[in-house]
Amino acid sequence: MKKEVIDIIVSQTHYQHRIMGCIIVAQLIMISVFKFWPEQEIKKPAFIIPDNEAIIVEEMIVTRQANAPASPPKPQVPIPVPTYEVIEDEILDFPEMDDFQNADPLSESITTGQRGDEERISGNPDRPPRVTKIFEPIVPEEAKEASIKAIIFVNFLVNRDGSVKEAYVSEVRLYDDKGENYEVVQSIRYGLIEASLEAAYKWRFRPATEGGEKVGAYAQNSFTFGF
C-alpha cells in the first residue's frame, strides 16, 4: 500500500516537472523570436528643402499730408412738414357754439365797414355758422415730451364768405396727469395757444344767415391736447 502511494506521488512530481519544463522552453522560444527578428528599414519620404529666400527691406520714407482734409458738410436742418388734417364739405355740430351764443348773446346786429362795403355781424342769427373745413393744430414736441393735457376754447368771428376774420382764446383748461380734474389758467406754456390760433384761422365755415341773407357771426370750438 505504501509503495503504491509513493509511486503516485513520484508520478505527479514528474508530471509537474514536465509542465514547468514546457513552459520554460516556450518562453525561451518567444524571447529568441523577438530578439533575433530582422529589423525592417523605414523609408523616409524624400522632400527638398527650399533655399532660404532673401527679403530686401527698402528704406522707408515718412511723408506728411500738406493740407488738412476738408471738413464734412454740415447736415441740413430738417424742415417740418405741416400735418394738417382737413375735413371738407361736411357740416359738423358743436355744442360749444350754442353755449357760447346763449352765454353772451348780442341783442342787436352790428354793422361795420365803409359805405358800399358794409358787413353785418349778427349776435343771434337764424342759422349759426357751420364748420366745413377743419385744421388740427400742430402739437410742439416740447408739449408731447411734457405730456401736457389741456383743452383750449377759441372764439371765431366768421365772415360772410365763411373765412375766419378774428380768433381769440376764451378759456384754457389744464388737466392733471390722469385727465380727470382741471383748473382754468390764464396762460399755458409750450406754444399751445399759438398753435391753436394758427389752426383756427385756417378753418372754413358755411356762413350764418339772418332773414335769408348771409351775415357775419360768432362761433366757438375747442382744441384738445394730450388726450
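The values are calculated or read from the model by the stated rules, or taken from the named source; none is laboratory data. Small disclaimer: the values here were computed from a predicted structure and weren't measured. Glycine also receives a Cβ, built like all others from the backbone with ideal geometry; neighbour counts cover every protein chain displayed.
Computed quantities for the displayed model
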read-out: Extreme residue, surrounded by the fewest Cβ atoms within 10 Å (Cβ to Cβ), among residues of region 124-143 that are part of a helix (DSSP H, G or I) and in contact with a Phe, Trp or Tyr (Cβ under 8 Å, 6 or more places away or on another chain); value: 142
read-out: Residue match in region 163-186 (condition: touching a residue at least 60 places away in the same chain (Cβ under 8 Å), exposed (fewer than 14 other Cβ atoms within 10 Å of the Cβ) and not in a loop (DSSP other than H, G, I, E, B)); value: no
read-out: Boolean, residue 196 is in the same structural domain as residue 131 (by TED's automatic domain parsing), surrounded by fewer than 18 Cβ atoms within 10 Å (Cβ to Cβ) and of a type in the set (Ser, Thr, Tyr); value: no
read-out: Candidates 227, 205 - the one that is hydrophobic (A, V, I, L, M, F, W, C) and part of a loop (DSSP other than H, G, I, E, B); value: 227
read-out: Candidate set: region 178-207, residues that are modelled with pLDDT of 90 or more and of a type in the set (D, E, K, R); chosen: the one farthest from residue 220 (Cα to Cα); value: 183
read-out: Extreme residue, surrounded by the most Cβ atoms within 10 Å (Cβ to Cβ), among residues of region 144-159 that are in a strand (DSSP E or B) and of a type outside the set (Gly, Ala, Ser); value: 158
